[in-house]
Every structure is written in C-alpha cells, then in structure tokens.
Amino acid sequence: MRFKPGPVSQDALDYLRDKDLRVGFDHEDVWREEHAHAFTVAKAMQIDLLDDIKASVETALAEGRTYREFARELTPILQRKGWWGRVEQIDPVTGERREVQLGSPRRLKTIYRSNMRSARAAGQWQRVQRHKDTHPYLLYLLGPSEQHRPQHVRWAGTMLPVDHPWWREHYPPNGWGCKCHVRQVSRREAERLERDGVQDPDAPQEIDGDTGLPTGRRQDRRLPVRTEPPERDPRQYTNKRTGEAITVDAGVDPAWSSNPGMDRVRVIREHLTGRVATADAQLAHAAAEQVMASDVMAQWAQAPRGELPAGVLTRDLQDALGSDSHLVRLSDATLTKQGNSHPELTAADYAVLPDLVRRGIAIRQDGQRLVLFRKAGNAWWKAVVKVTGDQKRLYLVSFHRADARELRRERDRGTVLRSVEQ
C-alpha cells in the first residue's frame, strides 16, 4: 500500500499561500531566507507558469496528495505551455545560451518534496512556539532514509531549548532529500531522556528468529542525549550567481541553511513594517495595534532582530519633531535594553504602545525627543520617542509603567504639545 500524506496544519498552508511569485533562472537566484516569502522554480520565467505550479503544490499540501497525484495533474498543464523537456534558454545573468532541463518527472519530484518539507517545517515551528512554555526543548532525530549524512548522525540526540540559536541553521530539513525531524519535549521527558538516553541510530537491526532476516527495527541500544550544541565545522560557500559568500556548517546544504518558520516571522515583520511606514495614518495605526498584540510580537521578543511598528504619531507631533515619517519603530536594541532596565515587562504589555503613541499626553523635551503618557486601566504608561538619523526616522527609546508624579515632573521641564489624552 502506497503511503499517502495527510492534510497539513493551517500554519503550513498559510506559509505557502502567502508566498510571492519570484522568477529565477537558477536555484541560487532566489535562495536561503528569500524562500520564506518567495515561491520560485528555476527556469520557470513566466509568472503564469509559476502560478500554475504553486497552485498545484498548494492543492497537494491541503489535500494530502501523493507525488503521483500531484504530477498527474500538473504534467499536462506544463506540457501544454511548453515547459517540458530540454530546450535552449539565455541565462539573464551571464547572457550565455544554454541547453537546460525544464519540466521532467525528476524536477516535479524535487518541487513537490522541497515545498512540502519546507511548508511542514514552517508550520511545525509555529506550533513549537505556541507550546514552548510546557514543552521547552527540541530533540533532533534522524528520518527514515536508508543512508544519512555523517553530520546528521552526529547531531541525532541533540536536545536544546526551543529558542537556542543552533536551531536557526540546523532546524530540519537541512538539505536536499534530508528527512531528519525534531520532536518537542516537555521538562519531564527531558529529564528522562537525560537519564536514559536516546536510541542509537547506528544500532544493528534486529533479526527475526524464524526467518533469520532483518526486521527493519534497530536493536535497543542507547546513547546519551547532547545538551550542548555540537561543535561546528564551518565551510565557506560562494553563491556563483550573486557573489554572496556565506559560512555554513558541514552537513547543511547552503540553500537550506535557514529555519523556514523563523524566517517567515521575520518576513512578516519586515513586510508589515514597510507597509505601515507608507500607509495612511488610520490604516497604519490599525496595523501597528494588530502587530503589537499578535504572535509576531511575542515570537520576535524571544529573539529580536530588526524592527517592528510600535505606533503612529499624529501629523502635528510628527511635524513638531521634524520627522519625514509618522511610524515609530521598536528596534531589537531597544527591546534588549528594555529587558535589562525593566525586566518586569512582558511582550503582552507592548499592546498598549500604539494607543499611547497615537493618543497620549505629549511633552517635548527638546527638539528631538517626545515624552508620551497614557492611562490604561489603573496604570500609567510612559514612552519616549526620538527622531534620529539622516532619514528622519522615529524610534522608541524607552517604555515602562509610570505614575502621575512622573507626569507632573515631565510637564514642568518640557513643552506640552498635547495636554490631555485623546
């Protein structure tokens, strides 16, 4: 009986459906983190063709279709559009005319498997993040492949916290055809694994006593789990298309040296920040509210990189600071500083920021800083915004709980631009 994969989670479907179409002549034209937001197939240079392929992958993912079902539906579509077999094409980067392989059973199998695995991995990462309070560890395990990369065998049994940086590069799949996976582990199970160890992936197979043949099951031979990241064996790789040089751990294919779920959160954050910066004030404020109260903020706070939209200033306050933008950005450096100076703050507390920035009492300290106060429930909150840099961007400098006395002190030493909350 042929294995038929089941339908996947909504997180995995959303990951694939939200990808933009990106044409590329070579797989290295769009690679690594770009795959978190771009759907591409090498040599598929027409958007309508890419759209057909992506739609077939989405259907296969949603309905749990096998590769044969996927290929049976897509092959005639590609053949009708002339994307099949070997043809001559001009490489847009080098200008060279080359004979290249377009559609084929082998290429369709690569498209099917790589997209299925990356989407499932991204979906799993979202579930991992939601359950890490009760299951705070990930355990690296080998898949059902007959032969494994030696490095992957060495990594098997590595158990590290969910947010350990090792998972950025080593979260499976880690290469073409890699079937390794992770299992999320509770504290109690982690203690048991540290005591009893994990199955040795190199243990010999059991032998059936009646037939004398291997059973396919390995003998119960245990290895200790590794609670420190394996020593890295760095290899340098240069993308021949872009000239970008990167260093990857041996055993990780360069095109797979990223965590699709983690990168998806980053891409959503960057797209949201860019859209908020250019949207009109009302839409921008609504978007900032949504981001600050969402899983995007909660996950970003665990390992901040880059910026998030924290709020939107009204036009009069923007003009008072001489800023070219109404968007107040929360940077990773500020969040890290906040964690040190105000450890009592949680990611959920930042949900009050958009209203604080938009409607709070506003006091200018000098030409570059704006102090804002707003009462939420029984608590006062204070934020400091600064305009800085050649681009006249606005950044959050600090954010914390305050009281009426602190508000009075700021009123006495600054210029009140808005005296009451709006």
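The values are calculated or read from the model by the stated rules, or taken from the named source; none is laboratory data. Since we're looking at a predicted model, the values are computed, not measured. When we count neighbours, we look across all protein chains shown, and the Cβ atoms used for this are built from the backbone with ideal geometry, even at glycine. Please note that ligands, DNA and RNA were not included when accessible areas were found on the heavy atoms of the full protein model with its side chains. Shrake-Rupley method; radii C 1.70, N 1.55, O 1.52, S 1.80 Å.
Does Arg65 fit the bill of being at pLDDT 80 or above, within 30 Å of the chain's Cα centre (by Cα), in a loop (DSSP other than H, G, I, E, B) and under 27 Å from Asn259 (Cα atoms)? For Arg65, the condition - at pLDDT 80 or above, within 30 Å of the chain's Cα centre (by Cα), in a loop (DSSP other than H, G, I, E, B) and under 27 Å from Asn259 (Cα atoms) - is met. Annotation: of all residues in the stretch 323-344 being outside any helix (DSSP H, G or I) and farther than 16 Å from Val384 by Cα, the one that is most open to solvent (accessible area, probe 1.4 Å) is Asp324.
Test Val352 against the stated conditions and say whether it is open to solvent by less than 60 Å² (accessible area, probe 1.4 Å), outside any strand (DSSP E or B), under 23 Å from Gln290 (Cα atoms) and β-branched (Val, Ile, Thr). It is true that Val352 is open to solvent by less than 60 Å² (accessible area, probe 1.4 Å), outside any strand (DSSP E or B), under 23 Å from Gln290 (Cα atoms) and β-branched (Val, Ile, Thr).
Do we have Ala42 as open to solvent by less than 40 Å² (accessible area, probe 1.4 Å), among the aliphatic types (A, V, I, L, M) and touching a helix residue (DSSP H, G or I) at 6+ places or on another chain (Cβ under 7 Å) here? Judged against the criteria, Ala42 is not a match. Restricted to the stretch 132-226, the set of strands (runs of 3 or more DSSP E) holding at least 2 residues that are open to solvent by 20 Å² or more (accessible area, probe 1.4 Å) and among the basic types (Lys, Arg) comprises 214-218. Of all the numbered requirements in (1) open to solvent by less than 10 Å² (accessible area, probe 1.4 Å); (2) more than 30 Å from the chain's Cα centre (by Cα), Val57 misses one, and that requirement is (2).
The single condition from (1) surrounded by 22 or more Cβ atoms within 10 Å (Cβ to Cβ); (2) under 32 Å from the mean Cα position of the chain (by Cα); (3) assigned to a strand (DSSP E or B) that Leu372 fails is (2). On inspection, Arg359 passes the criterion of being closer than 19 Å to Ala402 by Cβ, open to solvent by 10 Å² or more (accessible area, probe 1.4 Å), more than 23 Å from the chain's Cα centre (by Cα) and of a type in the set (D, E, K, R). Scanning the stretch 328-349 for residues that are touching a strand residue (DSSP E or B) at 6+ places or on another chain (Cβ under 7 Å) and within 23 Å of Gln318 (Cβ to Cβ) yields a total of 5. Among the residues of the stretch 4-55, the ones that are part of a helix (DSSP H, G or I) and modelled with pLDDT of 75 or more come to 17 in all. Would you call Pro309 in contact (Cβ under 8 Å) with a residue 24 or more places away in the chain and open to solvent by 10 Å² or more (accessible area, probe 1.4 Å)? No; evaluated as a whole, the condition is false for this residue. Take the residues of the stretch 381-403 that are touching a Ser or Thr at 6+ places or on another chain (Cβ under 9 Å) and in a loop (DSSP other than H, G, I, E, B): which is modelled with the lowest pLDDT? Only one residue tops the list, namely Gln391. Taken as a whole, the structure leaves Ala347 outside the set of residues that are of a type in the set (A, V, I, L, M, F, W, C), modelled with pLDDT under 90 and open to solvent by 40 Å² or more (accessible area, probe 1.4 Å).
Of all residues in the stretch 71-101, those that are of a type in the set (A, V, I, L, M, F, W, C), within 32 Å of the chain's Cα centre (by Cα) and over 16 Å from Leu50 (Cβ atoms) total 2.
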